[in-house]
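Engineer: Got a structure for you, questions after.
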Amino acid sequence: MTPADIRHQFEVQRQASRAQPDVPLMVRRERLLRLSKLLQENGPVLAAAVQADFGMRSPRVTEVADLLMLHSQLRHTLRHLARWSRPQKVRTPLMLQPAQAWIERQPLGVVGVIAPWNYPVQLALGPVIAALASGNRVMLKPSELTPHTSAQLALLVAQFFSPDEFCVVQGDAAVAALVASLPFDHLFFTGSTAIGRKVALAAAANLTPTTLELGGKSPCIIDADCDLHEAALKIAHGKLLNAGQTCIAPDYVLLPRGSEAAFAEAYRAAVARLFPYFEGNPDYAAVINARHLARLRTMLQQAQTLGAEVHVLEPVPGSPPPPPQSIGDGVGRQMPPVLVFGATQAMQLMQEEIFGPVLPVLAYERPDDVIAHINAGPRPLALYWFGRSEAGRNAVLRGTVSGGVTLNDTLLHVAHDNLPFGGVGDSGWGAYHGEQGFLRFCHQKSVLAQARWSLGSLLYPPYGARFDQVLAWLKRFG
């Protein structure tokens, strides 16, 4: 699509939204059912497209991390949509009685979604579910780094939806910048903090409200009474799912000084259990492209130069040899997991979100040092805590601010449909999933229906003794 085509498509959706400001519940349900049918009938096709984009990522990873999440969100939304859509009655204060008041939840109009590459189906269609549920028209711009998936989404969406309901535009970063500049009624972006700033600036020119789902350095805290082997397994799973290319992946570990060697041993055992070998293992995703792989290697080289200990994990002896390159061009980008000890704030891997299978391990002396360390940096998208102490858990929960938290596991808060998902500060703003996602794409319109007579008329001028009496009474009882 040319820039003119994209602008025309936006205008088609805008005119359709203005012609139908109130979208009936039946229509919204039917659109969600169509999206559900699209996924049910084409899940394997989409998983194959993701595999083609990564070069090595098992369709089963896409099934569990993309498609299963979307099916759950659709079921939850369809189950609760009627209740979410109803006008919400509110109590009327005494001075306005006997008026009635309520809040109507209306579609905003046209929603733009700019999606990332790491979970190219889930993070594209998750916001779309919420936007369609609220009755909006949607324009989706998927990532240019996953061209097979983007093309497949465009083809399927065009088969199941009319362009004035839901459309997909493809293209590079220039197209994404164009989309961000359109005067949407709401713009939803998932990606890096650096690009999120650019998106927010572009949207601000149109006073377009935004939801920014960004990233950051999500800490994983190990308390002194923690079972290291159990924690290491869950941390390894959270870190190495999609080869660490997950916005809420544990970015680094904080553990009591003196337990570094025990954790390293437990982590190695956990990785060997999950991924006996790396190169050629379809369960172990490739780094998305050569540029991202080079960035990770540069981080490690700099850390080593500055004195960090870099431990590259080896496959289990006797693991299968790597398959021929024809299996997928991502075999050469399946980066082995790495542990880094002695990392400092001077190192790039402690300044930027890692987004790869590299895990720095930092030691702390006192629990208070953990809270101080986290609060010294930007607020993270996720935080993980492992231990048995209720006091220790509560100290971390009360002493830190993060987008979300999972206790004694990783990642799972994002899969709970009743929990809002979003960041805070540098990790983003706004939340979606469940009812919070529905409300994110609604305008909550206040309505007051006045009765033929109300107490408010007693406050009309001319002012005098009666006014003073009524005002005093309202101040006391109203």
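Engineer: Do me a favour and compute the ellipsoid semi-axes for the stretch 410-453 from its Cα gyration tensor, root of five times each eigenvalue, largest one first, whole Å.
Structural biologist: 34, 13, 7
Engineer: Next up: What size of dipole, in debye to the nearest 20, comes out for the chain about its Cα centre when the only charges are +1 on Lys and Arg C-beta atoms and -1 on Asp and Glu C-beta atoms?
Structural biologist: In total the dipole reaches around 1980 debye.
Engineer: Sticking with this structure for a sec: Ranked highest first by average number of other Cβ atoms within 10 Å, how do 187-193, 436-442, 129-135, 72-78 line up?
Structural biologist: 129-135, 187-193, 436-442, 72-78
Engineer: Please list, in order along the stretch 345-355, the HN-Hα scalar couplings obtained from phi with the Karplus expression 6.51 cos²θ - 1.76 cosθ + 1.60 (θ = phi - 60°), rounded to whole Hz, x for Gly and Pro.
Structural biologist: 5, 6, 8, 4, 6, 9, 9, 10, 4, 6, 6
Engineer: Under 16 Å from the 7 Å Cα→Cβ point of LEU96, by amide nitrogen: which residues of the stretch 448-465?
Structural biologist: Only 448-459 fall inside the zone, counting backbone N under 16 Å.
Engineer: I would also like to ask the following. Tell me, what does the Kirkwood hydrodynamic radius of the stretch 371-436 come to in angstroms if you use every pair of distinct C-alpha atoms?
Structural biologist: Taking the inverse mean of 1/r over all distinct Cα pairs, the stretch 371-436 comes out at 12.5 Å.
Engineer: Sketch the reach of a paramagnetic label on ALA376 as a point 7 Å from Cα along Cα-to-Cβ, and name the residues of the stretch 330-348 whose backbone nitrogen lies under 15 Å away.
Structural biologist: 342-348
Engineer: From the backbone phi of the stretch 379-384, what are the Karplus-calculated ³J(HN,Hα) couplings (6.51 cos²θ - 1.76 cosθ + 1.60, θ = phi - 60°) in whole Hz, Gly and Pro given as x?
Structural biologist: Values, residue by residue: 5, x, 6, 9, 9, 10 Hz.
Engineer: Please list TYR463, TYR432 from largest to smallest accessible area, probe radius 1.4 Å, with all protein chains kept in place.
Structural biologist: TYR463, TYR432
Engineer: While we're on this one: On a straight-distance basis, which aspartates and glutamates could pair with LYS89 in a cross-link, Cα separation under 16 angstrom, same-chain partners fewer than 8 positions away excluded?
Structural biologist: GLU104
Engineer: Taking a probe of 1.4 Å, how large is the accessible area per residue of the stretch 330-427, in Å²?
Structural biologist: Heavy-atom accessible area per residue stands at 41 Å².
Engineer: What is the percent carbon and sulfur in the accessible area of the stretch 219-422, measuring with a 1.4 Å probe over the protein chains and ignoring ligands?
Structural biologist: Percent of accessible area from carbon and sulfur atoms in the stretch 219-422: 54.
Engineer: Report the label-to-label distance for ALA451 and GLN348 in nanometres (one decimal), using points 7 Å from each Cα along the Cα→Cβ vector.
Structural biologist: According to this spin-label approximation, the distance is 7.0 nm.
Engineer: Here's another thing I want to ask about it. Could you order the peptides 205-218, 2-15, 255-268 from most to least packed, using the average number of other C-beta atoms within 10 Å per residue?
Structural biologist: 205-218, 255-268, 2-15
Engineer: Which of the listed residues, PRO357, MET26, ILE221, is farthest toward the dipole's positive end in the chain, when Lys, Arg count +1 and Asp, Glu count -1 at the beta-carbon?
Structural biologist: Checking the options against the dipole of the chain, the answer is MET26.
Engineer: Taking just the alpha-carbon atoms of the stretch 232-325, what radius of gyration and Dmax come out, in angstrom?
Structural biologist: In order Rg, Dmax, the Cα atoms of the stretch 232-325 give 14.3, 44 Å.
Engineer: With an 8 Å cut-off on Cα pairs and a minimum separation of 6 or more residues, tell me the relative contact order of the stretch 219-422 in percent.
Structural biologist: 30
Engineer: To continue, here is another question. Amide H neighbours of VAL138 under 5 Å, counting only residues 5+ apart in sequence or on other chains, H built in-plane at 1.01 Å?
Structural biologist: Amide H to amide H, under 5 Å and 5 or more residues apart or across chains, VAL138 pairs with VAL111, PHE166, CYS167.
Engineer: Compute for the chain: radius of gyration divided by Kirkwood radius, i.e. Rg/Rh, restricted to C-alpha atoms, rounded to two decimals.
Structural biologist: Taking Rh as the inverse mean 1/r over Cα pairs, Rg/Rh reads 1.05.
Engineer: For the chain, build the charge dipole from Cβ charges (+1 Lys, Arg; -1 Asp, Glu) around the Cα centre, then report which of LEU448, GLY191, LEU140 sits farthest towards its positive end.
Structural biologist: Of the listed residues, the answer is LEU448.
Engineer: Run the helix sum for the chain: -39,500 (n - 2.57) per DSSP H stretch of 4+ residues, divided by residue count, reported at 222 nm to the nearest 500 deg cm²/dmol.
Structural biologist: -13500 deg cm²/dmol
Engineer: Which of the listed residues, LEU383, VAL340, ALA415, is farthest toward the dipole's positive end in the chain, when Lys, Arg count +1 and Asp, Glu count -1 at the beta-carbon?
Structural biologist: ALA415
Engineer: Could you calculate, for the stretch 320-478, the ratio of the Cα radius of gyration to the Kirkwood radius, expressed as Rg to Rh?
Structural biologist: That ratio equals 1.27.
Engineer: With N residues in the stretch 342-392, what two-decimal value do you get for its Cα radius of gyration over 2.2 N^0.38 Å?
Structural biologist: Rg over 2.2 N^0.38 Å, computed on Cα atoms: 1.26.
Engineer: Another one. In Å³ and rounded to a whole number, note down the convex hull volume per residue for the Cα atoms of the stretch 69-154.
Structural biologist: In the stretch 69-154, the Cα hull volume divided by residue count equals 115 Å³.
Engineer: Once the piece of chain linking ASP468 and GLU390 is laid out straight, how much longer is it, given 0.36 nm per residue of separation minus the C-alpha distance between them?
Structural biologist: Full extension from ASP468 to GLU390 adds 22.6 nm.
Engineer: Let me ask something else. In whole Hz and in residue order, list the ³J(HN,Hα) couplings for the stretch 55-63 that follow from phi through the Karplus curve 6.51 cos²θ - 1.76 cosθ + 1.60, θ = phi - 60°; x for Gly and Pro.
Structural biologist: Coupling constants for the stretch 55-63: x, 7, 7, 4, x, 5, 5, 5, 4 Hz.
Engineer: Now a separate question. Could you tell me the ratio Rg/Rh of the stretch 219-422? Both radii from Cα atoms, Rh via Kirkwood.
Structural biologist: Ratio value, two decimals: 0.96.
Engineer: From the gyration tensor of the Cα coordinates in the stretch 1-89, what semi-axes in whole Å does the equivalent ellipsoid have, largest first, with each one equal to sqrt(5λ)?
Structural biologist: Each semi-axis is √(5λ); the values are 30, 23, 10 Å.
Engineer: Counting only C-alpha contacts under 8 Å and six or more residues apart, can you give the relative contact order of the chain as a whole percent?
Structural biologist: Once divided by the residue count of the chain, the mean separation gives 20 percent.
The values are calculated or read from the model by the stated rules, or taken from the named source; none is laboratory data. Here the structure is a predicted model, which is why all the values come from computation and not from measurement. Backbone-built Cβ (ideal geometry, glycine too); neighbour counts: all protein chains shown. Quick note on the areas: whole protein, heavy atoms, side chains included, nothing else; ligands and nucleic acids left out. Shrake-Rupley method; radii C 1.70, N 1.55, O 1.52, S 1.80 Å.
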